[in-house]
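Written below as structure tokens is the structure these notes are about.
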Amino acid sequence: MTEENTATGTPILTLDNVRKTYRKRDALQGISLQLFPGELLGLFGPNGAGKTTMIRCISGLLKPDSGTITRHSLSTSSVAESNVRLGLVPQNLAIYPDLTVLQNLEVFGRLEGVTRRVLKERIKEVLEWAALSDRIHSLARTLSGGMQRRLNIACSVLHRPQILLLDEPTVGVDPQSRERIYSMLEELTSQGSALLLTTHQLDEVETRCDRIVVMDHGLIVAQGTLAELVQLTVGCPHRVTLRFDLPCKWRLPRFAFDQPRTSATCMMQSMQELPVVLAVLQKIDQQPSHIDVRSLGLQDVFLELTGRSLRE
Amino acid sequence: MILTVLRILYLRLRNNPLELVLVFVMPVIFFSIFAAIFSNGISSGSDKKLRVGWVTTPSTRLATELREFLDSNSSLECSSLPALDPAESTAAAGLDGEAVSAQISRAQQSGKYDLIVKLPAKFPETLSNTVANSACTVSLVSDGQNPMAVAMVTSIINGFFTQKQAAFVGQQMMQLQEGRRDISRGTPRARVPGMESQSDRQPPASDGPVVAAMPEPSAVFTEIGEGPDFLPIQDDFTPFSGNVSLADPETVESHATATLRTNSQTEGAFRVIVETPQADTQENPRIAMYAAGIAVLFLLFSATGHAASLLDEAESGTLDRILVSQAGLFQILCGKWLGIFIMGCLQITIMFLWAEAVFHIHLGKHFAGFCIMTTSTAAATASFAMCLATICKSRSQLNAVSVVLILSMSAVGGSMIPRFVMSDRMKEIGKWSFNAWALDGYQKVFWFQSQPSSLRKEVTVLLGSALVLGLVTFLLSGRWKRG
């Protein structure tokens with residue numbers, strides 16, 4: 001799958017102060033973001049944060065009340081903006097269960113305007129890419145959950161979209177299938193496609209996404225890499241907790257003690273600080289019985305940004 | 001545990017109002033529809049009368065009396081057919097002319113008459129004329145839809161002539177008695193104004209003894225009074241005897257004619273002929289009506305089923321994916337509509353091909369009309385189904401609404417019960433359904449063998465509905481985008 005787009009510093013998609021009132025609710029309250037070619041952007045937020053509304057606006061299914069959504073053509077030729085190819089992978093299995101794998105690919109390819117001759121080659125490529133070559137004549141409903149998810153994605157890439165919107169593409173699949181799906185997505189980004197992914201799988205966003213956007217109440221509350229977000233929200237990336245058998249008699253700088261001083265917690269910028277602290281404790285004969293070190297992740301960032309109250 | 005399972009059933013039913021409607025309200029609705037059709041509930045509170053049309057204004061005294069006799073019958077509603085156009089009147093040299101046939105055909109197609117009474121141009125002045133002159137023939141023109149009407153009106157007309165003949169015989173008897181008294185007195189027989197007898201038509205030489213020309217009383221009784229002519233209906237020809245078959249109008253005609261003709265003495269008095277023009281040239285036209293009725297009913301269901309795929313696609317997100325693709329909403333709707341339309345055409349065609357193969361409905365002979373009606377009906381049902389699918393929010397909602405609507409439409413529209421048994425009011429209500437217009441159209445094509453040009457009204461209504469519902473569908477389809 002070759003693609004003319006390559007990762008550059010020019011965004012392929014720009015949202016500028018997009019607002020949308022939906023069912024008497026401010027679903028989007030001035031969203032601004034950029035998506036770059038070859039990037040996998042994770043869109044993250046609690047239920048009702050406005051993620052799906054944003055995807056529907058980007059895909060053209062909804063018209064924003066105000067603000068602009070621009071798809072930039074990166075081709076050197078004078079291709080109109082509207083010709084920037086976009087693909088959508090809905091959260092549900094948006095395939096025809098009573099059609100075979102091949103038939104599904106054929107109809108969605110045709111709907112995307114791929115000519116018959118080209119489509120034949122693309123289907124061959126996509127079948128290998130999605131590891132479905134041996135099931136081309138199976139009805140979609142007879143496939144396993146993971147296969148159906150892969151077919152769901154495969155149907156959206158036949159026209160080689162420059163922007164692919166994925167709404168929770170790995171819901172309900174086993175770890176192997178999830179791994180395969182992310183391999184497929186990585187292949188796409190390596191070919192220059194820009195991917196916008198919504199998910200509730202924290203580990204996926206942490207480990208797979210180049211950049212993370214956290215949304216809440218129709219607003220982008222934070223965006224950046226995981227490290228940037230941690231820095232921005234909780235400050236230090238590591239939390240060290242020391243436990244003592246007996247109450248500690250000493251005051252330790254930067255450590256917060258509980259009562260009766262058998263546990264102390266400290267946020268550390270780097271794990272290299274920990275040996276220094278332990279050496280000091282040994283010197284004062286106050287060695288901890290238990291050391292708990294936890295690197296802060298998106299969960300902490302997310303709770304810090306959106307609070308702990310339940311949504312919807 | 002059993003109670004818990006029962007409670008689950010109850011709670012699910014309670015939380016699903018549409019299912020409640022289907023379970024409890026639908027049977028009541030259908031009962032009401034059928035009750036309205038078969039009772040007086042909707043037919044303006046009076047018994048349904050047989051509508052008898054007169055093809056011409058009575059020109060003789062006997063014809064006038066016959067008309068008055070029928071008018072006075074409480075079970076009949078007599079009226080004259082709409083007058084012929086001047087051009088047609090000129091063309092109509094006699095009552096058997098083509099213009100009259102056209103007039104009758106038009107009246108039958110209007111569906112306003114159960115039966116049409118046609119009298120010959122030279123209808124006798126009095127019943128006694130018929131003895132010497134040609135037979136007094138009354139033609140009943142039926143479209144074959146209501147055989148009961150034929151049997152009933154035949155019986156009433158027989159009753160009329162029986163009364164007339166009884167009066168005639170009575171007068172003859174009186175004359176005989178008077179004649180005998182005159183003979184005994186040696187004076188000529190007195191004439192009764194307005195009452196003719198065979199003796200009145202004797203040659204001028206009848207100045208001789210009148211008694212010579214008069215039949216003997218025993219001869220009169222044998223010839224007229226005791227003859228089977230005086231029985232209004234033969235034992236084997238009663239409306240409820242089973243010989244009058246609802247499904248076979250030809251039987252009615254042949255049987256009525258045969259019964260009356262078998263008696264040679266009837267030919268000298270009166271004759272009732274039942275004509276069913278539609279049955280003369282085709283074998284099984286009624287089957288075409290059943291084929292159309294069933295086809296339209298199933299067409300509505302299958303069309304709605306296909307249109308429901310829109311809701312499935314919306315629920316699964318497939319519609320969103322397609323909307324994001326090169327295909328626009330208009331193209332999606334058109335594609336769906338076209339698919340349902342083609343499926344509908346095929347469905348009806350298969351039904352009629354089967355009817356042709358097995359029941360010989362002369363599909364080839366009526367092919368143009370069939371094509372026009374089939375495409376119009378399929379177009380209307382496709383738009384109807386698309387509109388329903390666009391209005392409903394889920395497949396279960398669509399299922400419930402479509403079952404209610406389609407069964408109701410089919411009940412009042414004639415897919416379940418022939419429209420001719422319905423009251424006028426019910427027929428009018430039926431006009432709000434596709435079934436009624438489609439069946440009327442197919443009836444014109446296969447039953448009345450009308451030209452395709454006569455389908456203008458049905459086609460206009462069906463295609464107009466298709467257009468309006470299609471437009472409504474398109475206007476409401478924005479919700480697919482709004483999610």
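The values are calculated or read from the model by the stated rules, or taken from the named source; none is laboratory data. Here the structure is a predicted model, which means the values were calculated and not measured. Don't worry about glycine lacking a Cβ; one is built from the backbone with ideal geometry, like all the others, and counts go over all protein chains shown.
Checking A:Leu88 against (1) surrounded by fewer than 19 Cβ atoms within 10 Å (Cβ to Cβ); (2) within 14 Å of chain B (Cβ to nearest Cβ); (3) at pLDDT 90 or above, only one condition comes out false. Which one?
Going through (1) surrounded by fewer than 19 Cβ atoms within 10 Å (Cβ to Cβ); (2) within 14 Å of chain B (Cβ to nearest Cβ); (3) at pLDDT 90 or above one by one, A:Leu88 breaks only (1).
Residue-wise test of (1) among the aromatic types (Phe, Trp, Tyr); (2) more than 28 Å from A:Gly50 (Cβ to Cβ); (3) modelled with pLDDT under 90; (4) assigned by TED's automatic domain parsing to the domain that holds A:Phe36.
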{"site": "A:Ser78", "(1), (2), (3), (4)": "no, yes, yes, yes"}
{"site": "A:Pro97", "(1), (2), (3), (4)": "no, yes, no, yes"}
{"site": "A:Gln103", "(1), (2), (3), (4)": "no, yes, no, yes"}
{"site": "A:Gln148", "(1), (2), (3), (4)": "no, no, no, yes"}
{"site": "A:Leu151", "(1), (2), (3), (4)": "no, yes, no, yes"}
{"site": "A:Cys155", "(1), (2), (3), (4)": "no, no, no, yes"}
{"site": "A:Leu166", "(1), (2), (3), (4)": "no, no, no, yes"}
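Being outside any loop (DSSP other than H, G, I, E, B), without any contact (Cβ under 8 Å) to a residue 60 or more places away in the chain and within 18 Å of A:Gln91 (Cα to Cα) is the requirement here; does A:Glu179 meet it?
So A:Glu179 passes the test.
In segment A:288-310, how many are farther than 29 Å from A:His200 by Cα and either among the hydrophobic types (A, V, I, L, M, F, W, C) or free of Cβ contacts under 8 Å to residues at least 12 places away in the same chain (or both)?
As a first pass, look at segment A:288-310 and keep what is farther than 29 Å from A:His200 by Cα: A:288-291.
Next cut, either among the hydrophobic types (A, V, I, L, M, F, W, C) or free of Cβ contacts under 8 Å to residues at least 12 places away in the same chain (or both) only: A:291.
Within segment A:288-310, residues that are farther than 29 Å from A:His200 by Cα and either among the hydrophobic types (A, V, I, L, M, F, W, C) or free of Cβ contacts under 8 Å to residues at least 12 places away in the same chain (or both) number 1.
Tally the residues that are facing chain A (nearest Cβ under 7 Å) and buried (at least 16 other Cβ atoms within 10 Å of the Cβ), restricting the search to segment B:321-341.
Count: 6.
For segment B:429-483, please list each of the helices (runs of 4 or more DSSP H) lying entirely inside it that holds at least 1 residues being free of Cβ contacts under 8 Å to residues at least 12 places away in the same chain and either within 14 Å of chain A (Cβ to nearest Cβ) or surrounded by fewer than 14 Cβ atoms within 10 Å (Cβ to Cβ) (or both).
Those helices (runs of 4 or more DSSP H) span B:456-476, B:478-482.
Take B:Ile417 and decide whether it is modelled with pLDDT under 85 and closer than 15 Å to B:Ile294 by Cβ.
On the way: modelled with pLDDT under 85: yes; closer than 15 Å to B:Ile294 by Cβ: yes.
Spelling it out, B:Ile417 is indeed modelled with pLDDT under 85 and closer than 15 Å to B:Ile294 by Cβ.
Can you tell me which residue in segment A:93-112 is nearest to the chain's Cα centre (by Cα), limited to those that are away from chain B (no Cβ under 14 Å) and assigned to a helix (DSSP H, G or I)?
The qualifying residue nearest to the chain's Cα centre (by Cα) is A:Val101.
Looking at segment B:295-326, which of its residues are in contact with a helix residue (DSSP H, G or I) (Cβ under 7 Å, 6 or more places away or on another chain) and of a type in the set (Val, Ile, Thr)?
B:Val296, B:Thr304, B:Ile322, B:Val324
Every residue in segment A:46-59 that is free of Cβ contacts under 8 Å to residues at least 24 places away in the same chain and part of a loop (DSSP other than H, G, I, E, B), please.
none
Here are some conditions: (1) in contact with a Phe, Trp or Tyr (Cβ under 9 Å, 6 or more places away or on another chain); (2) in a loop (DSSP other than H, G, I, E, B); (3) within 17 Å of A:Pro237 (Cβ to Cβ). A:Cys248 meets all but one. Which one does it not meet?
Condition (3) is where A:Cys248 drops out.
Considering only residues that are under 25 Å from B:Val421 (Cβ atoms) and not in a helix (DSSP H, G or I), which ones fall in segment B:136-182?
Of everything in segment B:136-182, those that are under 25 Å from B:Val421 (Cβ atoms) and not in a helix (DSSP H, G or I) turn out to be B:Ser139, B:Leu140, B:Val141, B:Ser142, B:Asp143, B:Gly144, B:Gln145, B:Asn146.
Count, please, the residues in segment A:234-281 that happen to be among the small types (Gly, Ala, Ser), in contact with a strand residue (DSSP E or B) (Cβ under 7 Å, 6 or more places away or on another chain) and more than 17 Å from A:Leu296 (Cβ to Cβ).
2
Pick out, from segment B:269-363, the helices (runs of 4 or more DSSP H) lying fully within it that include 3 or more residues that are within 30 Å of B:Val153 (Cβ to Cβ).
Of the helices (runs of 4 or more DSSP H) lying wholly inside segment B:269-363, those with at least 3 residues that are within 30 Å of B:Val153 (Cβ to Cβ) span B:277-280, B:285-316.
So, B:Leu346, is that one away from chain A (no Cβ under 14 Å), surrounded by fewer than 20 Cβ atoms within 10 Å (Cβ to Cβ), without any contact (Cβ under 8 Å) to a residue 40 or more places away in the chain and within 17 Å of B:Ala379 (Cα to Cα) or not?
yes
Criterion first (within 14 Å of the chain's Cα centre (by Cα), farther than 20 Å from B:Leu363 by Cβ and outside the structural domain of B:Gln145 (by TED's automatic domain parsing)) does B:Gly414 satisfy it?
Yes; evaluated as a whole, the condition is true for this residue.
Those residues that are assigned to a loop (DSSP other than H, G, I, E, B), out of contact with any strand residue (DSSP E or B) (no Cβ under 8 Å at 6 or more places or on another chain) and either within 14 Å of chain B (Cβ to nearest Cβ) or farther than 22 Å from A:Leu165 by Cα (or both), I need them from segment A:113-147; list them, please.
A:Gly113, A:Val114, A:Thr115, A:Leu143, A:Ser144
Select from segment A:15-63 the residues that are surrounded by fewer than 16 Cβ atoms within 10 Å (Cβ to Cβ) and closer than 24 Å to B:Gln326 by Cβ and write down the one among them that is farthest from the other protein chains (Cβ to nearest Cβ).
A:Lys63
Could you tell me whether any residue of segment A:275-284 is crowded, with 16+ Cβ neighbours inside 10 Å and assigned to a loop (DSSP other than H, G, I, E, B)?
No, there is no match, as no residue in segment A:275-284 is crowded, with 16+ Cβ neighbours inside 10 Å and assigned to a loop (DSSP other than H, G, I, E, B).
Restricting attention to segment A:200-211, which residues are within 23 Å of A:Arg71 (Cα to Cα) and in contact with an Asp or Glu (Cβ under 8 Å, 6 or more places away or on another chain)?
Step one: of segment A:200-211, the residues within 23 Å of A:Arg71 (Cα to Cα) are A:209-211.
Hits for segment A:200-211 are A:Asp210, A:Arg211.
Sort through B:Lys457, B:Lys481, B:Lys444 and tell me the only one that's touching a Gly at 6+ places or on another chain (Cβ under 9 Å) and within 28 Å of B:Asp320 (Cβ to Cβ).
From the options B:Lys457, B:Lys481, B:Lys444, the qualifying one is B:Lys481.
Out of segment A:220-245, which residues are under 30 Å from A:Ser32 (Cα atoms) and part of a loop (DSSP other than H, G, I, E, B)?
Hits for segment A:220-245 are A:Thr225, A:Val234, A:Gly235, A:Cys236, A:Pro237.
What about B:Ser309, is it at negative phi and surrounded by 19 or more Cβ atoms within 10 Å (Cβ to Cβ)?
Against the criterion (at negative phi and surrounded by 19 or more Cβ atoms within 10 Å (Cβ to Cβ)), B:Ser309 does not qualify.
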